[in-house]
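Engineer: One structure follows; several queries about it will come next.
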Amino acid sequence: MARNKTRVSTANYVTFGYGQVEPNHLSAQRTGRIYAQLPAASNIQVLEQGQFVKYDYANNVVNYTGAGEWMLVYNEIKTYRNEETDADFALLKENFTGSVTSAYPTYSVDDRLMTPRVFATLPGDIYTTNCVKEDTLAVGDLLTPGADGFLAKAGADAAAMQWKVVKLTTMPDNQKAVKLMRIK
C-alpha cells in the first residue's frame, strides 16, 4: 500500500493524511488525567490526533457538546505496514467494533464503538500539531476548539480554553506544524 499523499483530514493545516500530535510537555502524562473508557458518540465518524472532544460521562460518550472541558485526542498510533506513518492514522468508525459492558446503554449489533484516548490539559502544556482548521498561522495567534473539535482562531479571544502559537515548525514527516502552549 502506498502512502496517502492527499489530505484526508478536514483540518486545513494538514498537508496530507490526518492530523498528528507530538507531545512536548503534556501534564496529563504526569497527573494521570488520561481517559479511555467511553466510546465516541454514534455521529462521530473520524477522530484525528489533535482534535478535541468532551468527555461526557453523564451520557456515557465522547462528543463535541457535553458539559465540561475540552480534552485532547491523543491515541496510541497503530500502523501495520513499514511505509505507514503517523499521518496515516486516525480512529475511523468503520474500522471499530466492540462490546459494551453493563455500565453503558444497550447498543444494537450494527453500532460500531470507537473508544478514543483523551488527555486533560492545563495552562502551560505544550505540544506540536498540524491538526488546525486554519490555512495560515503566525506566532502569537490564539486558537480554541470549535464545534467540530478542531482548533481554530474563531472565538479564541473570549474562549475559556486558549492555545497560543509559540512557534512555526514541522512534523517529523516534514509537514508544516505549529508548537502550541495552553495559556488559558
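Engineer: Quick check: is even one residue across region 175-182 loosely packed, with under 15 Cβ neighbours inside 10 Å and modelled with pLDDT of 95 or more?
Structural biologist: No, every residue in region 175-182 fails to be loosely packed, with under 15 Cβ neighbours inside 10 Å and modelled with pLDDT of 95 or more.
Engineer: If you scan region 32-64, which residues turn out to be under 20 Å from GLN162 (Cβ atoms) and among the polar types (S, T, N, Q)?
Structural biologist: GLN51
Engineer: Restricting region 11-43 to residues that are within 19 Å of ASN63 (Cα to Cα) and small (Gly, Ala, Ser), which is farthest from the chain's Cα centre (by Cα)?
Structural biologist: Per the criteria, the residue is SER42.
Engineer: Moving on. If we keep just the residues of region 13-50 that are surrounded by fewer than 17 Cβ atoms within 10 Å (Cβ to Cβ) and in contact with an Asp or Glu (Cβ under 8 Å, 6 or more places away or on another chain), which is modelled with the highest pLDDT?
Structural biologist: The residue in question is HIS25.
Engineer: Which ones in region 129-161 are of a type in the set (Ser, Thr, Tyr) and surrounded by 19 or more Cβ atoms within 10 Å (Cβ to Cβ)?
Structural biologist: THR129, THR144
Engineer: Keeping to region 35-61, report how many residues are without any contact (Cβ under 8 Å) to a residue 60 or more places away in the chain and over 23 Å from ASN12 (Cβ atoms).
Structural biologist: 7
Engineer: What residue, of MET161, MET114, is touching a helix residue (DSSP H, G or I) at 6+ places or on another chain (Cβ under 7 Å) and either modelled with pLDDT under 95 or assigned to a loop (DSSP other than H, G, I, E, B) (or both)?
Structural biologist: MET114
Engineer: Hey, another quick one. Restricting to region 59-111, name every residue that is surrounded by fewer than 18 Cβ atoms within 10 Å (Cβ to Cβ), farther than 19 Å from SER42 by Cα and at pLDDT 85 or above.
Structural biologist: Hits for region 59-111 are GLY68, GLU69.
The values are calculated or read from the model by the stated rules, or taken from the named source; none is laboratory data. Being a predicted model, the structure only gives us computed values, none of them experimental. Reconstructed Cβ throughout: ideal geometry from the backbone, glycine too, with neighbour counts over all protein chains shown.
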